[in-house]
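I have placed the structure first, in the form of structure tokens, so that the comments after it can refer back to it.
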Amino acid sequence: MTAPESEPAIKPPSPPPSLHDEEALALLRDGTLEVAGRLVEATNMTLYCSVKLGERSAACVYKPVRGERPLWDFPDGTLAAREVAAFEVSQATGWRIVPPTVYREGPFGPGMCQLWIDTEREIDLMRLVKSRNPVVRRMAVFDAVVNNADRKGGHLLPLPTGHVYGVDHGVCFSVEDKLRTVLWQWRGKPLAREAVAVLAKLERDIESGSLGRRLRELLTLAEVEATWQRVRRLLDTGVHPYPSEGWPAIPWPPI
């Protein structure tokens, strides 16, 4: 195993202004959804909504299962659950990569509902994608764990605080190696010490903890086992993975 790298301390991510994760989850889970429009550039039906519960309200994205387009390599009707599973892994890492996300009933049936994140519009996404930003590096580790088959640059949501969220995790958790991402700048490099500690915790939590129980509610047993195996492989090698020889390394379009 390669010795882990040390890296500068990272400022803990901040929640969206005035709304903490638990409050956001309660709002998304129990609030009244009202559709305001559709994000037409999205492949699957993606609806921009408001959600309100009592005096609290927020913008959110709602992706109903019925609006998912069939894929040749993922079972029909499973993308929303995979988005929620990605949020659960994100929370278990403590990195808060994925915005608060729930599975719930909505105006067009069950689906994924995720807090809308307003981004820092002045940031150059291409520069961020190519950077050595340690927050983005966390995302590269996260993507290797969830086997993200579609990490485009446009799926990074930078905030003025320096935190970077990631979205669109419907094509994750395949049992086959499908990692396809724009974040290959750390390939073959030793994992940061922080990442090794987080991965060790994930391994235990998937094998016998609450994360494993939650993932088994959202994914197949084979997919949960494959997730554990990916974590184990990262710990055994001690390095960021290389692209697969049998799968395109970069999604198209990359942004």
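Which is the longest stretch in the chain that no exposed loop site breaks, taking sites as GluC sites (Glu not before Pro) with a DSSP loop state and at most 15 other Cβ atoms within 10 Å? Longest gap between qualifying sites, sites excluded: 177-244. Based on the alpha-carbon gyration tensor of the range 26-114 and its eigenvalue square roots a ≥ b ≥ c, which shape applies: rounded if a/c is under 1.5, prolate if not and a/b is larger than b/c, or oblate? Oblate, because a/c is 1.5 or more while a/b does not exceed b/c. Comparing THR101, THR93, THR227 in a Gaussian network model of the chain (Cα springs below 10 Å), the most mobile by mean-square fluctuation is THR93. Annotation: extensible slack from GLU122 through ARG38 equals 27.8 nm (criterion: 0.36 nm per residue apart, minus Cα-Cα distance). Build a GNM of the chain with springs between Cα atoms under 10 Å apart, and of ASP143, ASP124, ASP177 the one that fluctuates most is ASP124. Largest GNM mean-square fluctuation among LEU215, LEU39, LEU179, using the chain with Cα springs under 10 Å: LEU39.
With a cut-off of 17 Å on the backbone N, the residues of the range 163-183 near the modelled label site 7 Å out from SER244 along Cα-Cβ are 169-183. Taking amide H atoms as placed 1.01 Å from N in the peptide plane, the amide H of LEU191 lies under 5 Å from those of GLU5, VAL239, HIS240, each 5 or more residues away in sequence or on another chain. Taking only the Cα atoms of the range 95-184, the radius of gyration and Dmax are 13.8, 42 Å. Projecting the Cα atoms of ILE250, VAL171, LEU218 onto the dipole axis of the chain, where Lys and Arg carry +1 and Asp and Glu carry -1 at the beta carbon, places ILE250 farthest toward the positive end. Computed about the Cα centre, the dipole magnitude for the chain is approximately 420 debye when only Lys and Arg (+1) and Asp and Glu (-1) carry charge, each at its Cβ. Quick check on the range 212-255: take the gyration tensor over C-alpha atoms, sort the square-rooted eigenvalues as a ≥ b ≥ c, and tell me if it's rounded (a/c under 1.5), prolate or oblate. It comes out oblate by the Cα gyration axes. Once the other residues with Cβ under 15 Å from the Cβ of GLU55 are scored (Lys, Arg +1; Asp, Glu -1), what is the net sum? Residues near GLU55 contribute 0 overall. Spin-label point model (7 Å from Cα, Cβ direction): what's the ASP76 to LYS189 distance in nm? Between ASP76 and LYS189, the simple spin-label model gives 4.3 nm.
Calculated [222 nm] ellipticity per residue, helices only, for the chain: -10500 deg cm²/dmol; basis is -39500 (n - 2.57) per DSSP H run with n ≥ 4, divided by all residues, nearest 500.
Each value in this text was obtained by applying a stated rule to the coordinates, not by laboratory testing. The model shown is predicted, which means the values in this text are computed figures rather than measured ones. Glycine also receives a Cβ, built like all others from the backbone with ideal geometry; neighbour counts cover every protein chain displayed.
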